[in-house]
Amino acid sequence: QTVKCDVADMICCVIVTVIINVVLLSVCVVAGNSKEVCRTPGCIKKANTILRNIDSSVDHCQDFYRFACGGFLNRTIVPEDRHMWTTTSELELRVFRRIAEEFNSTLTTIAQHRYFRLAHNFYRSCMNLDAIEDKGLEPMKEKLEHLGGWPVLDHYGIWDEDDFDWVNTTVLLMEVGWSSDMLVDLCIGTDARNTSRNRLQISQADLGIPREYLIQGLTNDIVQTYFELMVEVAVEFGAPLKFAMEELSDALMFEIELAKISVPQEEMRDHFRLNNPMSLIELEEHFPQVNWSVLITGSLQKYVIVSPEEVVDVVVPSYFQQLGLLVGRVDKRVVANYIIWHVMYESLPFLPKSVSNIRRKLMVALTGAKKFKPRWEFCLSNLLDRFEPVVGVVYVRKYFKPEAKKQATQMVKVIKQEFLKLLSNVSWLSKEARNTAIKKASSIDHHVGYPDELLDDKELDKYYEKMEMNSEDLLENVLSGQQFESFRAFSELHRPFNRTRWDLHAEVAEVNAYYVSDQNCIEIPAGILQDIFYSPDRPNYLNFGALGSVIAHELLHSVDDEGKQYDSKGNLRNWWDESTHREFEKRANQIVSEYSNYVIPEVNLTLKGVNIQGEVIADHGGMKVAYSAYHSWASHHAEEPGLPHLEQFSADQLFWLSTANSWCTKERMESIRFGVAVDVHPPPKFRINGPFRHSSLFVHDWKCPASSYMNARNKYNVW
């Protein structure tokens, strides 16, 4: 568990830890120059963190991740309600607790505003377990009847397939507020080739569990557990066990067939192949088995009028070529059971314990977490999903210091300049491609901390003027929230896309960062501008190592294998000449091949190099840019002090340690397997050892010999 210390306590923690570590550290690392030592609270806290996380018995030139994080890994026990615990988990939990305190308080200064009352009502309805239990299952049963019923509950043969049409049911789901992506995922985004306007998109189904599991069928343990969940829920709602097993076995086999016709992740990285604009008329000509006119115009009739000439981006045509045929050869009863099961699956967390607790077995199989998170945390997560701007304003107004926004913005500018220098010096770029890359990088917008509109109460009240929430009915609130989100999204269809809209940048309480390709911008939320990532009262080699690496990573996404397909305005456009494209592919393929050979011994699995290449390219280039940015900043400032009891490390070495410390992670085996199957990020160990061993800068600073693992013979980097 993470130790919480005030300044005096932290000094004691450091002294105790040093007794164990300092002798070993002094012999395993070449000492840095003698210098002044920083003793601010930020320095003491960071020094304590580094000292506690280090495992001095590990050779830093053989496994730097274990060297930097071994102490953390050795002492950390993953809480029963988590699938992993990281060095940022305590920060994330602290942010959540602070927000929860505001929603549990009647004294908050913004309580009189409508936007806060709406969010507060949602939170109260979620925390009101007595009301949820008192209502029981009857409200959900009534909603199922409104949708035409769940055939698995009709063992008397009353359900009539002549009354069922999956297209009409999908339209009804959208109208009521359920997700409607069980067969077709209908959404809105920018026109990929002209981001000044919005466009409808259709993509493949959103499946109950990842495709990678489903295509293995019932021989896969997770698929078997998923099936057991389906049956147990149906039985709890009144279906006889044997009948439920028969009915839902067919529904599961249908979902498995949907998984098989779906396109895997590795085939969805070429965005030109995913961009297939067609009018509604053309859609019906290409895929005549689906009544697209009813599906799309009906789903959107509450929000916007859609004509037959409306253009829709078809993301995966091959899926829709097979979807109509698949649905056509399956009994309507099977399709109805599948669709309504997904309505149930989506609703389970908001129902009484007798049903919602059935999810636990699948959660254990997928992630290894043994318990659900505390109710307050579950409710706050759902509040964040539906009231992100409100959660943001609650956090920012009380806990975020404006100086951090200003200082982080300056850091972004320094890092961006180094990114431009990097692009200017890449030898394999043609002159034309280099100029275009520099233009794109120069155009990257940055949103740091929070949008100013978040401090405007009138603006927030206006934003939520069409939403209603009560404090007694959680399920109704969930549906109302989804209806509101659909209204906000689809009513924009025929309006120009406005990338300056403040609500596009309202994810301010998250401990994360993003690059948005169609806006060519990076998001650095307020939540990450603190603690292990950033503090104004400590040397900048720590801040550039932790936060700077994150910022640079996001900038590098603009020229990873997916980001490079977009121009400076976020439009999908091929601006690469053939020879430059070949050079990029050669380097990217080296990384794919390298990482595809990395093995996770705990689960005996290799990484999927194709799926993670974008993150790896950004990791490799991002650390190089962040390092150069620190040196650029340092060249205009006095030498920075060292850290207490870490004087043997140079500023450059502490840069690398600061970077590594933000990735220390203890993870359950089930979660690791899940990540390998579906995550586009490599496991944390490989996010440190991978880029570091391919960096001549790291090798130089840590004096790793040519024979050591952390000094790769062939160093692969795209940028």
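The values are calculated or read from the model by the stated rules, or taken from the named source; none is laboratory data. Given the structure is predicted, the values throughout are model-derived calculations rather than measurements. Neighbour counts are summed over all protein chains in view; Cβ atoms, including those assigned to glycine, are modelled from backbone coordinates with ideal geometry.
When the range 327-345 is examined, which residues are found to be touching a residue at least 60 places away in the same chain (Cβ under 8 Å) and either in a loop (DSSP other than H, G, I, E, B) or surrounded by fewer than 18 Cβ atoms within 10 Å (Cβ to Cβ) (or both)?
Step one: filter the range 327-345 for residues touching a residue at least 60 places away in the same chain (Cβ under 8 Å), giving 327, 330-345.
Within the range 327-345, Val330, Asp331, Lys332 qualify.
Could you name every one of the helices (runs of 4 or more DSSP H) located completely within the range 525-644 that has at least 1 residues being at pLDDT 95 or above and closer than 24 Å to Glu432 by Cβ? Please lay out each step first, then the result.
Numbers: elements: 540-543, 549-556, 578-596, 609-634.
By residue number, 549-556, 578-596, 609-634.
Inside the range 425-444, can you point out the residues that are surrounded by fewer than 17 Cβ atoms within 10 Å (Cβ to Cβ), touching a residue at least 40 places away in the same chain (Cβ under 8 Å) and either among the aromatic types (Phe, Trp, Tyr) or assigned to a helix (DSSP H, G or I) (or both)?
Hits for the range 425-444 are Trp428, Glu432, Lys439, Ser442, Ser443.
Taking the residues in the range 296-312 that are surrounded by 21 or more Cβ atoms within 10 Å (Cβ to Cβ) and either over 30 Å from the mean Cα position of the chain (by Cα) or not aliphatic (A, V, I, L, M) (or both) as candidates, determine which candidate is farthest from Ile261 (Cα to Cα).
Initially, the range 296-312 is screened for residues surrounded by 21 or more Cβ atoms within 10 Å (Cβ to Cβ), giving 296, 299-300, 310.
Those left that are additionally either over 30 Å from the mean Cα position of the chain (by Cα) or not aliphatic (A, V, I, L, M) (or both): 299, 310.
Working: Ser299: 24, Glu310: 26 Å.
Step by step, filter the range 296-312, then rank; the result is Glu310.
So Arg713 ticks every box in (1) surrounded by fewer than 17 Cβ atoms within 10 Å (Cβ to Cβ); (2) part of a helix (DSSP H, G or I) but one. Which box is left unticked?
Exception for Arg713: condition (2).
Would you check which residues across the range 428-464 are under 29 Å from the mean Cα position of the chain (by Cα), small (Gly, Ala, Ser) and over 16 Å from Leu556 (Cβ atoms) and list them?
Scanning the range 428-464 gives a single hit, Gly449.
Report, by residue number, each residue of the range 445-464 that is in contact (Cβ under 8 Å) with a residue 60 or more places away in the chain and assigned to a loop (DSSP other than H, G, I, E, B). Working first, answer last.
Restricting attention to the range 445-464, the residues satisfying the condition of being in contact (Cβ under 8 Å) with a residue 60 or more places away in the chain are 445-450, 454-455, 457, 460-461, 463-464.
Scanning the range 445-464 gives Tyr450, Tyr464.
Those residues that are among the aliphatic types (A, V, I, L, M), in a helix (DSSP H, G or I) and under 16 Å from Arg199 (Cβ atoms), I need them from the range 298-326; list them, please.
First, pick out the residues of the range 298-326 that are among the aliphatic types (A, V, I, L, M): 300, 304-306, 311-312, 314-316, 323, 325-326.
Keeping just the survivors that are in a helix (DSSP H, G or I) gives 300, 323, 325-326.
Matches in the range 298-326: Leu300 only.
Hey, among Arg673, Arg693, which residue is modelled with pLDDT of 95 or more, basic (Lys, Arg) and over 25 Å from Arg82 (Cα atoms)?
On the way: Arg673 fails: over 25 Å from Arg82 (Cα atoms).
Selected residue: Arg693, the only one of Arg673, Arg693 that is modelled with pLDDT of 95 or more, basic (Lys, Arg) and over 25 Å from Arg82 (Cα atoms).
Quick check on the range 346-377: of everything there that is surrounded by 15 or more Cβ atoms within 10 Å (Cβ to Cβ) and assigned to a loop (DSSP other than H, G, I, E, B), which residue is farthest from the chain's Cα centre (by Cα)?
Pro352
If the requirement is being more than 20 Å from Trp702 (Cβ to Cβ) and among the hydroxyl-bearing types (Ser, Thr, Tyr), which of these qualifies: Ser658, Ser635, Ser650? Break it down into steps so the answer makes sense when it comes.
Values: Ser658 fails: more than 20 Å from Trp702 (Cβ to Cβ); Ser650 fails: more than 20 Å from Trp702 (Cβ to Cβ).
Answer to the check: Ser635.
Looking at the range 679-691, I want the residues that are surrounded by fewer than 24 Cβ atoms within 10 Å (Cβ to Cβ) and have a partner that is polar (S, T, N, Q) with Cβ atoms under 7 Å, at least 6 apart or on another chain. Which pairs are those?
Val680/Asn611; Pro684/Thr665
Scan the range 590-603 and report the pairs whose first residue is within 14 Å of Pro683 (Cβ to Cβ) and whose second residue is polar (S, T, N, Q) and crowded, with 19+ Cβ neighbours inside 10 Å, with Cβ atoms within less than 9 Å and a gap of 6+ or a chain change.
So the pair list comes out as Tyr595/Gln613; Tyr598/Asn689.
Can you tell me which residues in the range 307-326 are touching a Ser or Thr at 6+ places or on another chain (Cβ under 9 Å) and without any contact (Cβ under 8 Å) to a residue 40 or more places away in the chain?
Residues satisfying the conditions are Ser307, Pro308, Glu309.
Any idea which of Arg269, Arg273, Arg211, Arg197 is closer than 30 Å to Ser491 by Cα, of a type in the set (D, E, K, R) and crowded, with 16+ Cβ neighbours inside 10 Å? Full working, then the answer.
Values: Arg273 fails: crowded, with 16+ Cβ neighbours inside 10 Å; Arg211 fails: closer than 30 Å to Ser491 by Cα; Arg197 fails: crowded, with 16+ Cβ neighbours inside 10 Å.
On inspection, the qualifying residue turns out to be Arg269.
Among residues belonging to the range 171-193 that are surrounded by fewer than 18 Cβ atoms within 10 Å (Cβ to Cβ) and among the acidic types (Asp, Glu), point out the one that is nearest to Leu144 (Cα to Cα).
For the range 171-193, the residue satisfying everything is Glu175.
Within the range 480-501, which residues are without any contact (Cβ under 8 Å) to a residue 60 or more places away in the chain and farther than 19 Å from Ser179 by Cα?
Once the filter is applied, which keeps residues that are without any contact (Cβ under 8 Å) to a residue 60 or more places away in the chain and farther than 19 Å from Ser179 by Cα, the range 480-501 yields Asn498, Thr500, Arg501.
Given Ser628, Ser658, Ser632, which one is buried (at least 24 other Cβ atoms within 10 Å of the Cβ), touching a residue at least 60 places away in the same chain (Cβ under 8 Å) and not aromatic (Phe, Trp, Tyr)?
None of the others qualify; the one that does is Ser658.
Those residues that are assigned to a loop (DSSP other than H, G, I, E, B), surrounded by fewer than 16 Cβ atoms within 10 Å (Cβ to Cβ) and at pLDDT 95 or above, I need them from the range 133-157; list them, please.
Within the range 133-157, Gly136, Leu137 meet the criteria.
Inside the range 183-280, counting only helices (runs of 4 or more DSSP H) that do not spill past its ends, which hold 1 or more residues that are touching a residue at least 40 places away in the same chain (Cβ under 8 Å) and within 30 Å of Asp518 (Cα to Cα)? Spell out how you get there, then give the answer.
Values: elements: 211-214, 221-236, 241-261.
Because the criterion is at least 1 residues that are touching a residue at least 40 places away in the same chain (Cβ under 8 Å) and within 30 Å of Asp518 (Cα to Cα), the helices (runs of 4 or more DSSP H) in the range 183-280 that meet it are 211-214, 241-261.
Residues in the range 385-393: is at least one more than 27 Å from the chain's Cα centre (by Cα), assigned to a helix (DSSP H, G or I) and not β-branched (Val, Ile, Thr)?
Start the filter on the range 385-393 by keeping residues that are more than 27 Å from the chain's Cα centre (by Cα), which leaves none.
Within the range 385-393, none of the residues are more than 27 Å from the chain's Cα centre (by Cα), assigned to a helix (DSSP H, G or I) and not β-branched (Val, Ile, Thr).
Out of curiosity, is Cys69 surrounded by 23 or more Cβ atoms within 10 Å (Cβ to Cβ), modelled with pLDDT of 95 or more and touching a Phe, Trp or Tyr at 6+ places or on another chain (Cβ under 9 Å)? Step through it out loud before you land on a result.
Working: surrounded by 23 or more Cβ atoms within 10 Å (Cβ to Cβ): yes; modelled with pLDDT of 95 or more: yes; touching a Phe, Trp or Tyr at 6+ places or on another chain (Cβ under 9 Å): yes.
Taking the combined requirement at face value, the residue satisfies it.
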